[in-house]
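Worksheet for the structure shown next.
The values are calculated or read from the model by the stated rules, or taken from the named source; none is laboratory data. Since the structure is predicted, the reported quantities are computational estimates derived from the model, not experimental observations. Backbone-built Cβ (ideal geometry, glycine too); neighbour counts: all protein chains shown. What goes into the accessible areas is simple: the full protein's heavy atoms, side chains included, and nothing from ligands, DNA or RNA. Shrake-Rupley method; radii C 1.70, N 1.55, O 1.52, S 1.80 Å.
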Amino acid sequence: MDIRGHVILVDDEAMVRQSTEQWLKVCGFSVESFSCAESALQAIDENFSGVVVTDVKMPGMDGLELLREALMKVSGMPVILLTAHGDVDMAISAMRKGAYDFIEKPYVPERLAETVQRACEKRRLILENNKLQQNLASLSGVDARIIGVSPAIQRLKRELVKLAEQDTHVIVYGETGTGKELVAQCLHEYSHRKKHNFVPINCGAIPESLIESELFGHEAGAFTSAAKRRVGKFEYSDKGTLFLDEIESMPANLQIKLLRAFQEGVIERLGSNTAIEVDLRVIAASKVDLRDDDNFREDLFYRLSISQLHIPPLRERLEDVPLLFNHYLKIVASDHDKNPRTLSVHDHSTLMSYQWPGNVRELKNIAIRFSLDPDLSVADILMASEGMSHGSEILSKQLSLAIQVANFEADVIRDALGFHQGNIKLTMEQLDLPRRTLNQKMIRYGINRNDFKSKSL
């Protein structure tokens, strides 16, 4: 049976400790039990991947002291307090000091298991975030430019490094937002041409009447608005790399001139009869397979497709999503001189459930918004994404029912807290929720009442 999580259990009463340990093991947790807090504290360190469940009233170091010492040793360590009914006010005070939750004795076994499970999920997420940050800090070379650990992205990086040294023309295939220009930049930066210009041009973004001049340049007077000589992209990228993005949109008449330039290594500016030699590497990018494109010249395709790279869409490498998201959170935090915002369990689940039709570009935009607005969850931002018509309908096709329900629940709690300016008692009454349940849900969704207090007039 798979281990659901690890638990350090502390209780000075042998029978209670043994029965609790037995129940948690039946529920799938591994348990290390202690009769005193001092011994348990020695087992807690930064590498411990589980949670602490402790009685409050014990001889020597009590549960509250253990809570304080544990959080000093390991920031964010989930500590669950087992307390008698009369100590509820004390337990609530302890939660303000960092306790994950409290459970009244005699506890309901199912509730204990559920709380421990959620706490273990939080601990795993914290450790994963820490590991991601360490990995990001240790990256260098192409690994620091193209973020990812999935087999697909690792294969891409290996192929990229090999092709960078070969100095052949390359076609880079990938959906919108996958990072085709970044791959082209890396091909240039790890080649012998790196000291010369990398010149990008989006063939689909320039009007057909201007693209020939953009590529080949023109002499003064070549056409009505040509007041002076202009050097084109081909000439400017001499000895370097020319990146032709969306090359599938290149007009047919220009494809012939491109082919001649590639074959002979010479160009002519518009309005000139002088041949200019150019030595450059061409990297073309396309969203479609050029071999199957009837509007793309076959001879030009074979001239360019000496080598090819295929960038996998983000939905095929979801294991890279948390690493990429944390990468952009770190960049935004650094730009604004603040600590990166932490993902809640709910945010993490949403990231891993979404299919990312806009790929890395979409993820970057969501990360920036998430970092700058602490009131919004990842799902909130996805629902409201600009350009996503009928956003909730589209998102509902990609997120599980559980995440959609959780997102709705989190929104209701935020609305209630906002209406009552962070007043927990009034929020409990409006939502008809016990204090303990509301606290649990706020922890799960990363909701802080102080965020709503600060907005009060």
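So, of the residues in region 243-265 that are over 36 Å from the mean Cα position of the chain (by Cα) and among the polar types (S, T, N, Q), which turns out to be nearest to GLU189 (Cα to Cα)? So, considering only residues that are over 36 Å from the mean Cα position of the chain (by Cα) and among the polar types (S, T, N, Q), the one nearest to GLU189 (Cα to Cα) is GLN263.
For region 119-131, the count of residues that are modelled with pLDDT under 85 and β-branched (Val, Ile, Thr) is nonzero. Of the residues screened, VAL16 is one that is surrounded by fewer than 20 Cβ atoms within 10 Å (Cβ to Cβ), more than 15 Å from VAL116 (Cα to Cα) and among the β-branched types (Val, Ile, Thr).
Restricting region 395-413 to residues that are assigned to a helix (DSSP H, G or I) and open to solvent by less than 30 Å² (accessible area, probe 1.4 Å) leaves a set whose member that is modelled with the highest pLDDT is ILE413. If a residue must be within 21 Å of SER35 (Cα to Cα), under 29 Å from the mean Cα position of the chain (by Cα) and of a type in the set (Gly, Ala, Ser), how many such residues does region 58-105 contain? Residues that pass the stated criteria total 1. In region 304-316, the residues that are of a type outside the set (D, E, K, R) form Cβ pairs under 6 Å with partners that are in a strand (DSSP E or B) and open to solvent by 10 Å² or more (accessible area, probe 1.4 Å), at six or more places apart or across chains, as follows: HIS310/TYR173.
Just to check your reading of the model, which residue among ARG269, ARG260 is crowded, with 16+ Cβ neighbours inside 10 Å and farther than 30 Å from ALA152 by Cα? It is ARG269.
Out of the residues in region 227-242 that are buried (at least 17 other Cβ atoms within 10 Å of the Cβ) and of a type in the set (A, V, I, L, M, F, W, C), which is nearest to the chain's Cα centre (by Cα)? Among those residues, the one meeting the criterion is LEU242. When LEU215 is tested against (1) within 36 Å of the chain's Cα centre (by Cα); (2) among the aliphatic types (A, V, I, L, M); (3) crowded, with 21+ Cβ neighbours inside 10 Å, exactly one condition is not met: (1). Of all positions in region 27-37, at least one carries a residue that is surrounded by 15 or more Cβ atoms within 10 Å (Cβ to Cβ), more than 20 Å from TYR107 (Cα to Cα) and touching a helix residue (DSSP H, G or I) at 6+ places or on another chain (Cβ under 9 Å). Could you say whether any residue in region 120-140 is of a type outside the set (Asp, Glu), assigned to a loop (DSSP other than H, G, I, E, B) and without any contact (Cβ under 8 Å) to a residue 60 or more places away in the chain? Yes, region 120-140 contains at least one residue that is of a type outside the set (Asp, Glu), assigned to a loop (DSSP other than H, G, I, E, B) and without any contact (Cβ under 8 Å) to a residue 60 or more places away in the chain. Cβ-Cβ contacts under 6 Å between residues 6 or more apart (or on different chains), taken from a first residue in region 268-294 that is among the polar types (S, T, N, Q) to a second residue that is open to solvent by less than 70 Å² (accessible area, probe 1.4 Å) and at pLDDT below 90, are listed as SER272/GLU219.
Evaluation of GLY5 against the conditions (1) in contact with a strand residue (DSSP E or B) (Cβ under 6 Å, 6 or more places away or on another chain); (2) within 22 Å of SER344 (Cα to Cα); (3) open to solvent by 10 Å² or more (accessible area, probe 1.4 Å) shows that the sole unmet condition is (3). Out of contact with any helix residue (DSSP H, G or I) (no Cβ under 9 Å at 6 or more places or on another chain), of a type in the set (D, E, K, R), within 17 Å of PHE29 (Cα to Cα) and open to solvent by less than 40 Å² (accessible area, probe 1.4 Å), is that true of ARG111? In short, no.
Which of the residues spanning region 124-165 are more than 16 Å from the chain's Cα centre (by Cα) and surrounded by 19 or more Cβ atoms within 10 Å (Cβ to Cβ)? Of everything in region 124-165, those that are more than 16 Å from the chain's Cα centre (by Cα) and surrounded by 19 or more Cβ atoms within 10 Å (Cβ to Cβ) turn out to be LEU156, LEU160, LEU163, ALA164.
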